[in-house]
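Values quoted throughout were computed directly from the atomic coordinates according to the rules given, and no laboratory measurement underlies them. Keep in mind it's a predicted model, so treat the numbers as computed, not measured. Counting neighbours? That spans all protein chains shown, and the Cβs are built from the backbone with ideal geometry, glycine included.
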Amino acid sequence: MNTPALRIALVSETFPPEINGVANTLGRLSEGLRQRGHQVELVRPRQAGDNHAQHNPQLVLCRGWGLPGYPGLQWGEVSMHTLLRRWRRQRPDVLYIATEGPLGLSALRAARRLGLAVVSGFNAKFPQYSGHYGLGLLSRLLTLYLRWFHRRTAVTLVPSASQRLELERRGFQHLGLLARGVDACLFNPARRSQALRESWGLGADDIAVLYVGRLAAEKNLRLLQPCLQALQQTYPQKRLRLVLVGDGPQRAALQQQLPEALFCGAQRGEVLAQHYASGDLFLFPSTTETFGNVVLEAMASGLAVVACDQAAAAQHIRHGHNGALAMPGDQSAFIDAACWLLEEEETLRRVRLNARQHASRQGWPAIVEQFEGYLHAALNKAATSPASRLGATRSV
């Protein structure tokens with residue numbers, strides 16, 4: 001599809017090489033947009049190793065301050081007037097604001113002053129996260145702020161149909177669906193490494209039970225211990241080992257709870273793909289995902305996935321065909337699903353094959369093209385509706 005090239009400003013508090021779903025998605029989208037001929041400007045907090053980056057005319061860096069309990073992640077801090085000065089000199093056609101923190105708010109205010117088209121992304125269940133960190137009383141206020149924020153953009157993109165329904169129930173408007181893709185060449189069963197498995201203490205016929213993601217309270221990782229115990233009790237003849245790939249504030253506590261588990265830390269690129277492919281069963285007990293990129297990465301790597309019936313899992317897993325699902329909050333159902341997958345070798349083999357076949361069809365190029373369509377639609381809406389909520393000089 002031939003579309004006019006755009007000047008696009010992407011605004012986000014997180015970006016690669018930081019490891020999380022939002023950063024991964026933004027990296028893929030920005031790369032895809034550039035490949036399609038668009039000029040992409042990135043506005044983000046300064047990261048370690050950015051001393052040279054100020055010479056990049058398409059990179060705007062700002063001061064960042066850390067998020068409590070999340071080493072390596074930060075809020076961005078930049079004044080609206082700094083962005084106004086830049087965008088008056090080099091006016092973008094459209095903004096995509098991926099995060100709603102101080103940086104995103106400054107960008108939104110500047111865009112509305114200039115009458116720029118704005119698309120936003122809703123990428124995290126912050127109201128639910130707040131309860132895991134003793135901030136449950138702030139949940140309602142946070143929801144009110146997010147609703148206020150996203151009402152001031154042309155469209156808010158969400159990664160799953162279930163997330164869209166949830167936000168509609170909470171009073172959000174102008175919602176669009178933008179799913180996530182997976183690099184099925186990178187995440188591939190062919191990267192399975194017996195040498196890596198041997199370093200885990202596992203032979204060819206043993207079972208590596210894998211988790212990939214942040215080691216944090218909102219990921220519901222307390223379910224891993226009873227699930228592993230049930231698997232060991234149900235199949236005493238099988239040699240099982242839990243392997244956790246990732247890092248986060250709960251690592252020390254989990255190492256005490258799971259002394260036999262192997263903690264590999266955060267991994268990237270081909271090394272991460274090798275870890276995925278060297279597993280057998282993938283456990284993902286989180287109930288706070290807007291999508292969950294790791295589900296598709298595990299499926300593309302040929303793993304049998306057990307997950308809660310929501311977000312990416314609900315969208316991509318057919319229970320009993322290419323994975324297993326449990327209702328969120330039903331611990332017994334989650335454990336039963338994991339046990340079922342190991343009941344027969346043929347069941348595990350079939351599910352893993354079907355998972356790979358499904359995920360290999362979920363590529364990024366179609367996602368980028370769809371994203372491009374949302375950006376053009378927002379620009380057209382701003383151009384034809386000067387009195388709309390995107391109008392210049394309108395207060396935030």
Exercise. Looking only at Pro17, Pro236, Pro328, which one moves most when the chain is put into a Gaussian network model with springs between Cα atoms under 10 Å?
Worked result: Pro236
Exercise. What does the charge add up to near Cys185, with Lys and Arg as +1, Asp and Glu as -1, over the other residues with Cβ less than 11 Å from its Cβ?
Worked result: -1
Problem set entry | Distance (nanometres) between label positions extended 7 Å along Cα→Cβ at Gln39 and Leu138 | 3.9
For this session: Taking H placed 1.01 Å from N in the peptide plane, check which residues at least 5 places from Val155 or on another chain put their amide H under 5 Å from its amide H.
Result: Ser120
Exercise. Taking only C-alpha pairs under 8 Å that are 6+ residues apart, what is the relative contact order of the chain in percent?
Worked result: 17
Exercise. Stokes-Einstein D for the chain at 25 °C, 0.890 mPa s, Kirkwood Rh over Cα pairs, in µm²/s?
Worked result: 111
Problem set entry | Of Ser30, Ser301, Ser120, the one that fluctuates the most in a GNM where the chain has Cα springs shorter than 10 Å | Ser30
Seminar exercise, completed: Given all pairs of distinct Cα atoms, region 189-359 yields a Kirkwood Rh in Å of 15.6
Exercise. What whole number of Å gives the distance from the Cα centroid of region 257-289 to the Cα centroid of region 168-223?
Worked result: 7
Seminar exercise, completed: Helix-only [θ] at 222 nm, the chain, -39500 (n - 2.57) per DSSP H run of 4+, per residue, nearest 500, equals -12000 deg cm²/dmol
Exercise. Taking only the alpha-carbon positions of region 175-276 and ignoring solvent, what does the Debye formula give for the base-10 log of I(q)/I(0) at q = 0.14 Å⁻¹?
Worked result: -0.63
For this session: Among DSSP beta bridges whose residues both lie in the chain, state the antiparallel percentage, nearest 5.
Result: 10
Exercise. Between Ala48 and Leu262, what length comes free when the chain is fully extended (0.36 nm per residue of separation minus the Cα-Cα distance, one decimal in nm)?
Worked result: 74.2 nm
For this session: Among DSSP beta bridges whose residues both lie in region 189-359, state the antiparallel percentage, nearest 5.
Result: 5
Seminar exercise, completed: Scoring only Lys, Arg, Asp and Glu (+1, +1, -1, -1) among other residues with Cβ under 12 Å from the Cβ of Gln90 yields +4
Exercise. Among Ser278, Ser385, Ser12, whose mean-square fluctuation peaks in a Gaussian network model of the chain (Cα, cutoff 10 Å)?
Worked result: Ser385
